[in-house]
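Trainee: Below you will find the structure I want to go over with you.
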Amino acid sequence: MPLDDEAIAEIYREHGPMLRRVVWRATSDANRVEDIVQEVILRVWKQAPEADNLRAYLITTARHLIVDQHRAAGRRPQQAQLGEIAESDSALDRALDQVLVEEALGRLQTNHREIVRCLYYERMTVAETSRRVGVPEGTVKSRAYYAVRNLRVILDEMGVTR
Amino acid sequence: MTTGLDDLHVMLGAYVLGGLSDEDHRTFSEHLRSCRQCQTELGQVSGMPRLLDLAGPEGGPHLTDAQVGAPVPLITEPDDERVATLLGEVGRRRRRRRAWLSVVAAAAAVLIFAGGAWLGPQLLGPSTPTLPTTRVAAAPVAGSQVRIDIALVTRGWGTQLDVVCNDMPTNGELALWVIDRSGKATTAASWRATPAGSSRVTGATALRTNEIQSLEVRTGTGRVLAAAQT
Ligand SMILES: [Zn+2]
């Protein structure tokens, strides 16, 4: 059963910005971003996956579309060197994973995100983080624990499994 | 100061992210040696620093003060207008739907295969061993000599199906079918036979591994070549 118009509009509003970032970062082709995003949503509409898989499904579809177009645009099959394709695909994958990790961080609860920022990106200690955030060290530790766990769940949901 | 068991488990987070004091680090390392629960959980999240590094030294737009999404250009039209464009396109496609339904379904399957087959080694190379994977050999039906091994890899979105086939037909189309517990069959990949009679392809299904009853490799005309129970 195809999703109805309202559902499509809803997918677009909710996931459009994330998809645009993913596509932009992976392709660096401003002219194609909107086309690809719309095509992704149209395909997903056609195949009407279950709602709980939607985000992963959108991302997987975007990945396929980008790789497909990347190849079609780049070279004729007989010119393609295997290594060259593999190399550019893995660069593409890194670009996609980067955006997905950033998205995942954006979906963390604010107080968990803050802890990841202090402990990981700013290399602060638990004690320093406790002073910065104004919560006991035990709270920093338990937030760090749940932040890491939730991040893993969000990334799994997006299909980032490494 | 006493440290309860829950306080110990919970240190896993800061152990992975960094920031434990030397004393806590020693305490947790010691606990880790004997705690199966923490060992398992660490296995699931030990790749986290490498992933976090992908977001750059500051963790990307959500962690810095930069406006989220700012680098994406060309977002000048209001969203409503673009939604209208999208819905207009949906209407057009819906009218054409019957005509190209079968063609697109086939193309989508090929696309999934193409993406999976190329990306497979890149995406899965080093991480494959850590993903829960079930391997099955599909038994050839009477009169068929094919050799087919299928790995079912549990992914966030469903199950990835890595298929290695040998001694296959050398022309025509081939497809991997997934049959769920209720007996419903869907295609998870389709590909063209090769003159060498062997291929490696990757398919995908939204079904979770434990929802898959059996797998079949069939020809384009629907003849079953081999089947595997999971
Ligand atoms: Zn433990």
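Trainee: So for the pair residue B:84, residue B:33, with labels modelled 7 Å out along Cα→Cβ, what separation do we get in nm?
Mentor: Taking the simple label geometry, residue B:84 and residue B:33 are separated by 7.0 nm.
Trainee: Moving to a separate point now. Net charge around residue B:229, counting only other residues with Cβ within less than 15 Å of its Cβ (Lys, Arg = +1; Asp, Glu = -1)?
Mentor: -2
Trainee: Now for a separate question. Name the residues of the stretch A:28-42, by number, that are at least 30 Å² less accessible with every protein chain in place than in the isolated chain; the surface is that of heavy atoms, probe 1.4 Å, without ligands or nucleic acids.
Mentor: A:30, A:38, A:42
Trainee: Can you give the net charge of the other residues whose Cβ lies under 11 Å from the Cβ of residue A:113, counting K and R as +1 and D and E as -1?
Mentor: Computed value for this residue: +2.
Trainee: A further question follows. Modelling each spin label as a point 7 Å along the Cα-to-Cβ direction, I'd like the residue B:192/residue A:137 distance in nm, to one decimal.
Mentor: The answer from the label model is 6.6 nm.
Trainee: Where Lys and Arg each count +1 and Asp and Glu each count -1, what net charge lies around residue B:173 among other residues with Cβ under 15 Å from its Cβ?
Mentor: Once positives and negatives cancel, what remains is +2.
Trainee: Then there's this: In Å², and per residue, what accessible area does the stretch A:108-162 have when probed at 1.4 Å with the other protein chains present?
Mentor: 44
Trainee: Next question, about the same structure. Using R₀ = 35 Å, calculate the FRET efficiency as 1/(1 + (r/R₀)^6) where r is the Cβ-Cβ separation of residue A:13 and residue A:68; round to 0.05.
Mentor: Here the calculated transfer efficiency is 0.85.
Trainee: Shifting gears a bit: State the percent of C-alpha pairs, over all pairs in the stretch B:1-61, separated by a distance greater than 16 angstrom.
Mentor: Result: 48 percent of Cα pairs exceed 16 Å.
The values are calculated or read from the model by the stated rules, or taken from the named source; none is laboratory data. This one's a predicted model, so the numbers in the text were calculated from it and none came from an experiment. Ideal geometry is used to build each Cβ from the backbone, glycine not excepted, and the neighbour counts take in all protein chains shown. Heavy atoms of the whole protein, side chains included, go into the accessibility calculation; ligands, DNA and RNA do not. Shrake-Rupley method; radii C 1.70, N 1.55, O 1.52, S 1.80 Å.
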